[in-house]
Structure formats: C-alpha cells, structure tokens
Amino acid sequence: MPRPAARSRADSAARTQARATARPAAVRAPRKTAARPDPAGQVLRRFRAVFNAVRNHFRSVEQVAGISGAQVWALSEIAAHPGIGVGALARSMDIHQSTASNLVRALLESRLVASERGAEDQRAVHLRATARGLKVLGKAPTPFVGLLPDVLRRLDEATLKRLDRDLERLIRELRTDPRGAQTLIGADD
C-alpha cells in the first residue's frame, strides 16, 4: 500500500495533468447571453432589404419588358387614361413635370406612345398607348407602379403617418435636397 504522502503527490500530479489537458478558460465556449441589438445596424439592414427588393423588381421589369420600370409605370398610366396630358401624368405619378416629359419622350421615341395635339388648344398634348405599347405592357411584370409604391398603398394610415414622420426626421438629418423627392427611383433621366 502506498504511503499517504506518495498518494498525495500522485493525486496532485494527476490533478495537474488534468488541468494541463483541459481547455483553457479563454478557449471555452462563452456562456449564452443575449447580444444587445444595434438599432442603427438593424434599420440599415432593413433599408438594404427594401432597396434590394426595389432594384430586383426594376431589373425583372427591364429584362421582361425591355423598358425601365418608370417607363412601364408611365405607359400603364397612359394606357389607363387615354388622352392624358404630361401634367396630369406627372401628378398621377407624383413626379416633377420635367421627369414626366423625359419619360414621355422615351416612350414616344420607342413608339410605345403616340401624341396628338388638342383640337381646341394646339399646345395641349394628348397621349395614348400604341398597339406596340399595349403589347409591351401585357408582358411587363406587375405591379406597374413599382413594388414600393404598391406596398405603400396597401399599408394602413397609422403606419404611413408614422413612417412619414420618421422618414421626415431622417431626411432632415441627411440634409438632402427636397427636390429629390420628385425623382423616380430607377428613372433613366
């Protein structure tokens, strides 16, 4: 039978060996704790998700229809309202009249839209979709107004008011040009 002191030294050596082969404390898996979310990072990720969804929709529209999403929207408004003028088109799309004029010019050049002068007022231009324009519109993915405007129109009023208030503050912090609000996302002009 080993002496008690020898056993004690043997036990001590075994404990030392066990500690040496055990994982160091720094390498051990950390205890599971809830990570504090970064609110700014979360919001940034949400903006990215929105922008990527819009961009992917525009790409899809352009690949299938052969024209930009903004042009598809303008064409759909003209097809839905034969005889519409450029000013009324701008109002229906909530864009600046010069942006609407640029969209109409591109649609006229592509022969997707035709224009006629008003019988009473020669300055007034009345627009209508051509057969070619209607064919393009028939193969274009919906929603014609674009993904973001379509979804925004489906949100309840309280959500829209809250979004408007919060985005207004963000825009103030960005010190952005307010005229940018009437420029279409993905417009060619």
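The values are calculated or read from the model by the stated rules, or taken from the named source; none is laboratory data. Treat the numbers as computed from the prediction; the structure is a model and nothing was measured. A quick note on method: Cβ atoms are made from the backbone with ideal geometry, for glycine too, and the neighbour counts reach across all protein chains shown. For the accessible areas, the whole protein counts, side chains as well, though only heavy atoms, and no ligand, DNA or RNA atoms are used. Shrake-Rupley method; radii C 1.70, N 1.55, O 1.52, S 1.80 Å.
Observations on the model:
- Ordering of 41-47, 145-151 by burial proxy (mean other Cβ atoms within 10 Å per residue, highest first): 145-151, 41-47
- Label point distance in nm, SER60-ARG123, each placed 7 Å from Cα along Cα→Cβ: 4.3 nm
- Share of carbon and sulfur in the accessible heavy-atom surface of region 121-188 [1.4 Å probe, %]: 55 percent
- Packing order of peptides 110-116, 100-106, highest average first: 100-106, 110-116 (average count of other Cβ atoms within 10 Å over each peptide's residues).
- Using the Cβ of ARG111 as centre and a radius below 13 Å, the other residues enclosed give a net charge of +3, where K and R count +1 and D and E count -1.
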